[in-house]
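Visitor: Below: one structure in structure tokens.
All of the numbers you see were taken from the coordinates with simple rules; none came from a lab. Nothing here was measured: the structure is a model prediction, and the numbers come from that model. Counting neighbours? That spans all protein chains shown, and the Cβs are built from the backbone with ideal geometry, glycine included.
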Amino acid sequence: MRVGDSTPTRRKEQTMANCNICRGACCESITLEITGPTNDFQRFLEYRTSPQITGKGRIGRNFECRCLMLKDGRCLVYEKRPKMCADFEPGGEVCRATVATRRTPEEAKKIFGED
């Protein structure tokens with residue numbers, strides 16, 4: 001499913017998500033799990049990032065870094081996008097959490113077909 005595609009996406013038994021309405025909330029930041037950092041590095045991250053739930057129910061660190069390949073809500077490198085982008089599950093737990101923090105409640109309802 002391309003970001004910007006108007007076809008709602010469903011994987012497994014997840015809620016559908018309309019990426020065309022969302023226009024790339026998942027591409028505006030990235031959450032990474034960081035294991036084993038030193039105390040000093042941990043403080044560095046805490047000062048610059050916010051905690052975020054990952055798809056595995058663990059806490060990661062959220063980095064604000066909009067993807068440079070997102071233009072007008074569409075992925076410019078969809079066929080060659082990184083695996084972590086291809087593995088992102090529209091409508092899944094992380095998608096819902098991302099939309100909840102980056103879109104208005106009204107937009108979220110439209111994205112997930114709840115209006």
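Visitor: Which of rounded, prolate or oblate describes the stretch 18-94 when judged by the alpha-carbon gyration tensor and an a/c cut-off of 1.5?
Guide: prolate
Visitor: Which net charge results when you count Lys and Arg as +1 and Asp and Glu as -1 among the other residues whose beta-carbon is under 12 Å from that of I111?
Guide: +2
Visitor: So which aspartates and glutamates can K80 reach, going by Cα to Cα under 19 Å and dropping same-chain residues fewer than 8 places off?
Guide: Of all the aspartates and glutamates, those that pass the test against K80 - Cα under 19 Å, at least 8 places apart if same chain - are D5, E28, D72, E89.
Visitor: While we're on this one: May I ask you to compute the full-extension gain from V77 to R48, defined as 0.36 nm times their residue separation minus their alpha-carbon distance, rounded to one decimal in nm?
Guide: That pair, V77 and R48, stretches by 7.6 nm at full extension.
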